[in-house]
Each structure stands twice: as C-alpha cells, then as structure tokens.
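Read the structure below first, then the notes.
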Amino acid sequence: MPFVYQHTINSNTRLGLWHIEEPEEFFLAKVPLKRDVSHPHKRLQHLAGRYLLPTLFEDFPLEEILIADTRKPFLPDEQYHFSISHCGNYAAAIASAQQRVGIDIEQPTEKIFRIIHKFLNENEKQLLNQPMSSSQLLQTATLLWSAKEAMFKWYGAGGVDFKQHLLIQQLDGTDEEGTLQCSFEKEKPVSLNVKYRFLENIIMSWTVS
C-alpha cells in the first residue's frame with residue numbers, strides 16, 4: 001500500500017507514514033539490511049522505516065546510515081537529519097536537510113495508564129483532568145507519551161528523564177490535529193513545538209528545530 005500520509009513541512013523537511021502490507025522482499029529490493037534483526041515483524045518494520053527515507057528525498061544515502069551508541073541512526077556527514085518510528089503495521093519517517101527532527105507513532109492502548117507516572121510530572125497530569133470521554137482520555141494520554149518520544153528522538157543523545165527534561169506546557173488542537181507547546185530542559189532550555197495528527201488508528205507526533 002502507498003503512503004497513508006505525506007507532508008512537506010518546509011522546503012527542506014518532509015515526513016511520511018506507511019501502512020505495511022508488502023512482504024519483506026518488496027523492501028529488500030531497495031533497502032540494505034545491515035542490522036541482524038531476527039524477529040520477522042521487527043525486521044519488516046525496520047525495512048519499511050528505511051524504505052520511506054528515499055521516498056521523501058530521492059538522494060537519501062541509505063547505505064551510509066550508521067548507528068550511534070545511543071541506538072540513534074544517523075548519517076556521518078549529516079547530509080540529512082532524520083528520525084524513524086514503527087508501531088504495529090505502520091512505519092513513519094521524517095527527514096530534513098537543515099534541521100534536527102524527531103518523529104513517533106503510537107496506537108492507543110489501555111496500558112498507557114499504567115505508565116503515566118513514569119513520564120508525566122504533576123503539572124502535565126493536569127492536561128488529563130479536563131472534561132473528556134474515556135476514548136478522548138486514552139487518545140490524549142497516548143498523545144502526551146508520543147510527543148515526549150518525538151522530543152527524545154529529536155535530542156538523540158540519550159540520558160533523558162522524561163519527567164524532568166521533556167516538558168509539555170500546553171496542548172492546542174482537535175481530535176484530528178494540533179500542536180503541543182513543549183521544552184527540552186536537560187541542557188540550555190530549548191522551546192519546541194510538537195505537531196500531531198490522528199490518522200486511522202495511529203497517533204503521529206513530530207518536531208523540527
């Protein structure tokens with residue numbers, strides 16, 4: 001299946017979401033498999049995420065991707081900054097020729113409520129104390145997690161406390177799309193806008209800075 005969603009953010013930054021229905025051989029025709037990923041579905045996700053990159057920018061050099069000690073994939077000459085995420089039968093990728101980027105996709109499940117204490121501080125929990133239905137509460141909790149994951153990938157250097165370093169101040173938007181006003185506070189404070197969209201049964205969050 002082709003793209004579920006494509007978006008040109010600016011002249012040098014693009015993202016895409018792919019619903020994986022193809023067999024492994026479809027992706028292997030264009031994607032070099034350097035990592036030893038033994039689980040078949042995880043290998044399929046891995047391939048689909050990389051397959052997306054040259055569909056965003058035709059000259060994206062897949063063969064040059066390296067993996068940092070923090071497990072973040074990168075290009076040694078930073079021709080492009082990029083981020084990849086997988087969830088279920090979906091893969092997402094964002095790439096930019098000039099700006100740091102981070103992307104995350106999540107499928108809402110009830111298990112998010114069991115880990116809220118691990119990633120939301122007391123101020124952020126107030127974002128869930130608004131009048132909303134149970135389904136909206138599940139979506140919002142998942143969105144807050146996804147936004148922090150996108151910020152974590154944007155940073156890329158590891159050693160991050162999700163409650164102290166990745167902060168969400170405000171959520172503006174609808175059940176379809178919007179913006180979270182956030183900040184990264186580990187080193188010099190950096191203000192970040194995290195965009196989001198609800199697509200099919202997926203929440204996708206991304207940031208560019």
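Scanning the chain for GluC sites (Glu not before Pro) that sit in a DSSP loop and have at most 14 other Cβ atoms within 10 Å, the longest stretch containing none of them is 111-175.
Using the alpha carbons alone, the radius of gyration of the chain stands to its Kirkwood radius in an Rg to Rh ratio of 0.96.
For the listed residue pairs K111/K188; K125/K186; K125/K195, the alpha carbons are over 26 angstrom apart in K111/K188. When only the Cβ of Lys, Arg, Asp and Glu is charged (+1, +1, -1, -1), the dipole of the chain relative to its Cα centre reaches about 500 debye. Rounded to the nearest 500, the 222 nm mean residue ellipticity of the chain from helices alone is -8000 deg cm²/dmol, with -39,500 (n - 2.57) taken per DSSP H run of at least 4 residues. Put a plus charge on the Cβ of each Lys and Arg, a minus charge on the Cβ of each Asp and Glu, and nothing anywhere else: the dipole of segment 105-208 about its Cα centre is then about 320 debye.
Do any trypsin sites (Lys or Arg not before Pro) in segment 132-209 lie in a loop, going by DSSP, with at most 16 other beta-carbon atoms within 10 Å of their beta carbon, and if so which?
Counting only loop positions with at most 16 other Cβ atoms within 10 Å, the trypsin sites (Lys or Arg not before Pro) in segment 132-209 are K163, K186.
Of L167, L53, L127, the residue with the greatest mean-square motion in the GNM of the chain, using alpha carbon springs below 10 Å, is L127. Taking the Cα centre of segment 154-209 as origin and assigning +1 to Lys and Arg Cβ atoms and -1 to Asp and Glu Cβ atoms, the resulting dipole is close to 260 debye.
The angle separating the long axis of helix 134-155 from the principal Cα axis of greatest extent in the chain is about 60 degrees. Spin-label model, E78 to E110: label points 7 Å out along the Cα-to-beta-carbon direction sit 4.6 nm apart. Using every pair of distinct Cα positions in segment 3-99, the Kirkwood expression returns a hydrodynamic radius of 13.6 angstrom. Considering only alpha-carbon pairs that sit under 8 angstrom and 6 or more positions apart, the relative contact order computed for the chain is 17 percent.
Every number in this text was worked out from the coordinates using simple rules, so none of it is lab data. These numbers were taken from a predicted model, which means no experiment stands behind them. Every residue, glycine as well, gets a Cβ built from its backbone with ideal geometry; the counts of neighbours run over all protein chains shown.
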